[in-house]
Every structure is written in C-alpha cells, then in structure tokens.
Amino acid sequence: MRGGPSVLGIVLAGGEGKRLMPLTADRAKPAVTFGGSYRLVDFVLSSLVNADILRICVLTQYKSHSLDRHVSTTWRMSSLLGNYVTPVPAQQRLGPRWYLGSADAILQSLNLVHDERPDYIAVFGADHVYRMDPRQMLAQHVDNGAGVTVAGIRVPRAEASSFGVIAPGADGVQVEGFLEKPADPPGLRDDPGRVFASMGNYLFTTKVLVDALHRDAEDPRSVHDMGGSILPMLTERGMAQVYDFQDNHVPGETPREHGYWRDVGTLDSYYDAHMDLLSDQPAFNLDNRRWPLYTSAHQLPPARFVAGGIANESVVGPGCVIRGQVTRSVLSPGVVVAEGAVVQGSVLHDNVRVGRGAVVRGAVLDKNVDVPPGAAIGVNAERDGSLYTVSANGVIALGKGQVVS
C-alpha cells in the first residue's frame, strides 16, 4: 500500500476439497464455480485487491490447472507499478516432497517473502464466500503490535464442532487458546451463546511468521498447519490476537449482508450459500459497486427468454437460453433450458443443457452435463441415490460431463 506498511498477500489454494466431490473431481476446490460467474478464489482476491494489497501469491498444488489458468488470465495487475497476482505451484524447493500442510506450503515458498521483504504478510484461505476489508484488520494488528492476528467470526456454540475455535482472554483480543472442532467450548464473555470460529485468515508481522515456520519445521510432532501448528505456537508465546469480523464494515454493504461469511466446504453448505443469493434483499449481494467482485468476463451475448420461458428469483448468466421454467436457481453462462423443462432450486454450471420436458430439482450440475428430454433429477429419491451423489440434506450432485440416465 503506497504511503503505508508494505503487505504481501499469500493465498492458500492447494486444498483438495474431498467433501465437495464430485465438483472437485477434476479441479482444485478454489477453482469451483460459484454464483454463476465466479470461482471461489475470486472472493478472497477481490477483498485483498479492493484493500490495495496488490502483490499476491496464490499457492496451488492439487489438480491446479484450471485454477492456475484462471488466476493467470483473469488477475492481471499493473506491471508498471510492480503489482501482481501470480499462481505459485508446489516446487519442491526443500527436497523431493509435496506440501505437508499449509505451514509447510509457506515454508517452501519463503523465497517469495525474501524477494518482497514486506512488513506484514496476509495469509488468507481461498475457498470461502464473503467480503472483507483487510485494512481494518491490519490497523488493529499494527496498533496492538501483535505477532499474528487471526480473523474470527461469531457462530453459535452448537456449531463449534465444525470449526477451529479461538478462545480469547479477558480483554476479548488476546488469544488464550485454540480448540480444534471442540464438542463443548466455553462461550464468549460478552456473548455466552457464541464462540469465535477461525475464518482461516491471518495477518502476520513478517519476522514472527518466518521464525515460527522455521521452528515448526524442526518439530517432528507437528502437522505443519497454520491453524493446527503455527497459531497454537504463537498463542503459547503470547503473540496471537483475534480480530472480530463483526467489526469489519465493507463499503456498500447492506445491514443484512454485514458479517456474511460462508465456509462452502460441503455440498450442503455450497448449495445453501447459493440460495442466499436469490431473495429480493439477498443475504449476500453479488452486486456491490463500491466493493466489487472481480472475475473473467464471458464473451457471450445477454441471456434470452423465448418461447414463453420464464425465470423467477434466479440468477441467470450471459449466453443462457430459457424456453422452460426456472425458479430459485443459479444458472452459469451458456445454460439452455428447453421447452416444457422445469428447473427448481438448482445450481447449473456452464453449458448445462436441460432437454424438453425434463425436470431438475434440488440439484447441482457441473459444467457440460446434458439432461436428456423427459429425464427427471430430484423427483425419485431412491433412484437418484442409486445413480448420483446425494448429500446429507438431499442435494443431488453430478460431476463435469456426467451422463444422466
């Protein structure tokens, strides 16, 4: 940031995303499509870039081709000003091994830090849906002189077992403990029914991070993970603080959107986050001109609604042709819904075709799935379970190009 402290962004984008199968069968989790036009990685990159953090390394590993291509072709910054967003694949710089965990990924990529010599390093995850102004978190970090500041979001205690939980001290800021998916954690002092869940976003003073990574590398018992290893280490040394995401205010947000953050690591959470986009006053609004979401532009014509085709409470991307009925659904570019077809409560990725008279309900269809005329998905639960992936809450998912019986 010109005139301020220098910050290097490191985005951890090597996740395999097994719980999102079959959407991650052919791509890394951060490359999964979301909201019609975006990839999951676009949400963290948009927040960093909007906050003038303009030198960003995206660390990749698992099935990274589409992710590398998206970052390289979409996120082009001004080379005149020395800004960049660049994918950094696993390079085995420290020997013939792949990343052992998120901390090891940064350790193996410390050449990036040594080249830039930043004052601070923002280490953010790549697979959550949210808007955030990291400058506000950085201001707290600098003012308090913390070694690491971790972003925490308040969630009900009943949901704590799904997250890493941050236990703050009496001042509400100093981190006293970090509990990995606890069954019965203590509530917050000012909000006993809630706990701080880690968002996977960290701000480090550079020297503190580099020293911690080297210490961690020498520990044979370590799992070499940012949340599971580095944060507990710095907590024990009294160097960790928490930033309350509730205090973060993004320009242009509505009161309903304030504090929105979703971990879309499962098919159910991925599906539910899409449904959050669809009301007249959505829980998360994709259209915020003051804090925009960036992605690649599709060179396609506007969507067409012909032959009596209609869409209600839906997001419809460019190049779509709607001849049937679409309700409470998200359609990516190039989707075709033929005459007499019905699409309800579904998420259709690029170039899905729904044939004449077909029915698709409560489903997520990856790109290039062709639903034949008269076929039915989401009508017969027993049949769907025998043919397709079905989530705990009954969301039906088909992988890229999967054949519909």
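Looking at the structure I just gave you, is Thr24 exposed (fewer than 15 other Cβ atoms within 10 Å of the Cβ) and over 25 Å from Thr205 (Cα atoms)?
For Thr24, the condition - exposed (fewer than 15 other Cβ atoms within 10 Å of the Cβ) and over 25 Å from Thr205 (Cα atoms) - is not met.
Looking at Gln299, is it modelled with pLDDT under 95 and either in contact with a Gly (Cβ under 6 Å, 6 or more places away or on another chain) or not aliphatic (A, V, I, L, M) (or both)?
Answer is yes for this residue.
Got a number for residues in region 201-218 being open to solvent by 10 Å² or more (accessible area, probe 1.4 Å), touching a Phe, Trp or Tyr at 6+ places or on another chain (Cβ under 7 Å) and part of a strand (DSSP E or B)?
1
Hey, could you check region 328-342 for residues that are in contact with a Gly (Cβ under 7 Å, 6 or more places away or on another chain) and outside any loop (DSSP other than H, G, I, E, B) and say which is most open to solvent (accessible area, probe 1.4 Å)?
The qualifying residue most open to solvent (accessible area, probe 1.4 Å) is Val342.
In region 348-368, what residues are under 16 Å from Gly324 (Cβ atoms) and either open to solvent by 60 Å² or more (accessible area, probe 1.4 Å) or touching a strand residue (DSSP E or B) at 6+ places or on another chain (Cβ under 7 Å) (or both)? So that I can check it myself, show each step before the final result.
Here is the first cut: in region 348-368, the ones under 16 Å from Gly324 (Cβ atoms) are 348, 352-361, 363, 365.
Answer for region 348-368, where residues must be under 16 Å from Gly324 (Cβ atoms) and either open to solvent by 60 Å² or more (accessible area, probe 1.4 Å) or touching a strand residue (DSSP E or B) at 6+ places or on another chain (Cβ under 7 Å) (or both): Leu348, Val352, Arg353, Val354, Gly355, Arg356, Ala358, Val359, Val360, Arg361, Ala363, Leu365.
Take the conditions small (Gly, Ala, Ser) and within 14 Å of the chain's Cα centre (by Cα) and apply them to Gly15. Does it pass? Give the derivation first.
Numbers: small (Gly, Ala, Ser): yes; within 14 Å of the chain's Cα centre (by Cα): yes.
Spelling it out, Gly15 is indeed small (Gly, Ala, Ser) and within 14 Å of the chain's Cα centre (by Cα).
Please note which strands (runs of 3 or more DSSP E) are completely contained in region 219-318 and include at least 1 residues that are under 21 Å from the mean Cα position of the chain (by Cα) and surrounded by 17 or more Cβ atoms within 10 Å (Cβ to Cβ).
Qualifying strands (runs of 3 or more DSSP E): 240-244, 261-263.
Among the candidates Val150, Val142, Val175, single out the residue that is open to solvent by less than 80 Å² (accessible area, probe 1.4 Å) and more than 30 Å from Asn288 (Cα to Cα).
Testing whether each residue is open to solvent by less than 80 Å² (accessible area, probe 1.4 Å) and more than 30 Å from Asn288 (Cα to Cα) leaves just Val175.
Give the residues of region 183-200 that are assigned to a loop (DSSP other than H, G, I, E, B), touching a strand residue (DSSP E or B) at 6+ places or on another chain (Cβ under 9 Å) and over 16 Å from Val150 (Cβ atoms), sorted by residue number. Steps first, answer last, please.
Of all residues in region 183-200, those assigned to a loop (DSSP other than H, G, I, E, B) come to 183-187, 189-190, 192-193.
Cutting the leftovers down to touching a strand residue (DSSP E or B) at 6+ places or on another chain (Cβ under 9 Å) gives us 185-187, 189, 193.
If the condition is that a residue be assigned to a loop (DSSP other than H, G, I, E, B), touching a strand residue (DSSP E or B) at 6+ places or on another chain (Cβ under 9 Å) and over 16 Å from Val150 (Cβ atoms), then Pro186, Gly187, Arg189, Gly193 are the ones that fit.
Of the residues Ala363, Ala376, only one is closer than 20 Å to Met275 by Cβ and modelled with pLDDT of 95 or more; which? Spell out how you get there, then give the answer.
Values: Ala376 fails: closer than 20 Å to Met275 by Cβ.
Answer to the check: Ala363.
Just give me the residues in region 379-395 being open to solvent by 60 Å² or more (accessible area, probe 1.4 Å) and either more than 16 Å from Tyr271 (Cα to Cα) or of a type outside the set (Val, Ile, Thr) (or both), in sequence order.
Val379, Asn380, Ala381, Glu382, Arg383, Ser386, Leu387, Ala392, Asn393
Residues of region 327-343 being closer than 17 Å to Ser37 by Cβ and out of contact with any Cys (no Cβ under 9 Å at 6 or more places or on another chain), which ones?
Ser329, Val330
Given (1) β-branched (Val, Ile, Thr); (2) without any contact (Cβ under 8 Å) to a residue 40 or more places away in the chain; (3) surrounded by 19 or more Cβ atoms within 10 Å (Cβ to Cβ), identify the lone condition not met by Thr86.
Here Thr86 clears every test but (3).
For a quick check of your reading of the model, give me the residue pairs whose first member lies in region 308-328 and is touching a residue at least 40 places away in the same chain (Cβ under 8 Å) and more than 18 Å from Pro373 (Cα to Cα), whose second is in a strand (DSSP E or B) and open to solvent by less than 40 Å² (accessible area, probe 1.4 Å), with beta-carbon atoms closer than 8 Å and at least 6 apart or on different chains.
Val315/Val330; Val315/Leu331; Val316/Ile322; Val316/Val326; Val316/Leu331; Gly317/Leu331
From the set of residues in region 369-378 that are part of a loop (DSSP other than H, G, I, E, B) and either of a type in the set (Ser, Thr, Tyr) or open to solvent by less than 20 Å² (accessible area, probe 1.4 Å) (or both), which is farthest from Gly319 (Cα to Cα)? Full working, then the answer.
Of the residues in region 369-378, the ones part of a loop (DSSP other than H, G, I, E, B) are 369, 372-375, 378.
With the extra rule that they be either of a type in the set (Ser, Thr, Tyr) or open to solvent by less than 20 Å² (accessible area, probe 1.4 Å) (or both), the set shrinks to 369, 375.
Working: Val369: 16, Ala375: 23 Å.
Among them, the one singled out is Ala375.
Mind listing just one residue for me: the one in region 178-212 that is modelled with pLDDT of 95 or more and among the aromatic types (Phe, Trp, Tyr) and, of those, farthest from Gly125 (Cα to Cα)?
My answer is Phe204.
Inside region 5-36, can you point out the residues that are part of a loop (DSSP other than H, G, I, E, B) and not aliphatic (A, V, I, L, M)?
Pro5, Ser6, Gly14, Gly15, Glu16, Gly17, Pro22, Thr24, Asp26, Arg27, Gly35, Gly36 - these are the residues of region 5-36 that are part of a loop (DSSP other than H, G, I, E, B) and not aliphatic (A, V, I, L, M).
Can you name the residue in region 42-71 that is in a helix (DSSP H, G or I) and touching a strand residue (DSSP E or B) at 6+ places or on another chain (Cβ under 7 Å) and, of all such residues, is surrounded by the fewest Cβ atoms within 10 Å (Cβ to Cβ)?
The extreme case among them is Asp68.
The values are calculated or read from the model by the stated rules, or taken from the named source; none is laboratory data. Quick caveat: nothing in here was measured; it's all calculated off a predicted structure. Counting neighbours? That spans all protein chains shown, and the Cβs are built from the backbone with ideal geometry, glycine included. SASA here: full protein model, heavy atoms, side chains in, ligands and nucleic acids out. Shrake-Rupley method; radii C 1.70, N 1.55, O 1.52, S 1.80 Å.
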